[in-house]
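Engineer: Once you've had a glance at the structure underneath, I'll fire off some questions.
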Amino acid sequence: MRHGKKHNHLGRTTSHRKAMLANMASSLITHKRITTTLAKAKALRVYVEPIITKSKNDTTHSRRTVFAYLQNKEVVTELFRDVAAKVANRPGGYTRIIKLNNRLGDNAEMALIELVDYNEVYGKDAAAAEKKTTRRGRSKAAKKADAPAAEVKEEAAPVAEAKEEVAEAPAAEETAPEAPAADDAEEQKA
């Protein structure tokens, strides 16, 4: 009986599944994103996230443990050098799965799995925000930080109006010399 065993076998033997997940994890670490079926992406997430967590602690033992899973020296080096430095402050959730259209040949559900910290599109918003929040909502520090921002906006409005007046003043000075020229023309007629 298989009570409580939620492991997806993916229609493969144990050795084939381990080799496939190791190759997919190596590709994910090397290329930062890969496209695969949704079932394989979910299985890969369960496989690779503990490996990335292990890479945060750069010791000989953790390198050997990760190498036992990945079987690729270059990927292990890249994982400990580049990826671990980028995910050092993240407490988990290193990957993101985005569902794509079904595959044309067999209508399989496809997905894109990527390392969260390497996405340029979503990374800009996260880098700009950088606010520590809790699961219950915004932290007290974030609420206090937002209050002075509202006061600054109110003060910024009169400053913006003053800038508009200054911008209009040179335009008025430029039209002023034309008016005496018209007066000179009237004096010449007289």
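Engineer: In units of 2.2 N^0.38 Å, what is the alpha-carbon radius of gyration of the stretch 77-116? Kindly include the intermediate steps, with their values, before the conclusion.
Structural biologist: On the way: Rg = 14.6 Å, N = 40, 2.2 N^0.38 = 8.9 Å.
Normalised Cα radius of gyration, the stretch 77-116: 1.63.
Engineer: From the phi angles alone, apply the Karplus equation (6.51, -1.76, 1.60; θ = phi - 60°) to the stretch 78-88 and give each ³J(HN,Hα) in whole Hz, x where the residue is Gly or Pro.
Structural biologist: Karplus values, whole Hz, x for Gly and Pro: 5, 4, 6, 7, 9, 5, 4, 5, 6, 9, 4.
Engineer: Oh, and also: Rounded, prolate or oblate: pick one for the stretch 5-122, where a ≥ b ≥ c are the square roots of the eigenvalues of its C-alpha gyration tensor, a/c under 1.5 means rounded, and failing that, prolate if a/b is larger than b/c, else oblate.
Structural biologist: On the way: a/c = 2.10, a/b = 1.35, b/c = 1.55.
Judged from the Cα gyration tensor, the stretch 5-122 comes out oblate (a/c at least 1.5, b/c at or above a/b).
Engineer: For a quick protection proxy, order the peptides 15-22, 103-110 by their average other-Cβ count within 10 Å, most packed first.
Structural biologist: Numbers: 15-22: 15.1, 103-110: 10.9.
Going by the mean number of other Cβ atoms within 10 Å, highest first, we get 15-22, 103-110.
Engineer: A follow-up question, please. To the nearest 0.05, how large is the calculated FRET efficiency for Thr77 and Asn8 if R₀ is 25 Å and r is the Cβ-Cβ distance? Can you show the working numbers first?
Structural biologist: Values: r = 30 Å, r/R0 = 1.19.
Computed FRET efficiency for Thr77 and Asn8: 0.25.
A short reminder: the numbers here are calculations on the coordinates, not readings from a lab. Because the structure is predicted, anything quoted here is derived from the model rather than measured. With ideal geometry, Cβ positions are generated from the backbone for all residues, glycine too; neighbour counts draw on all protein chains shown.
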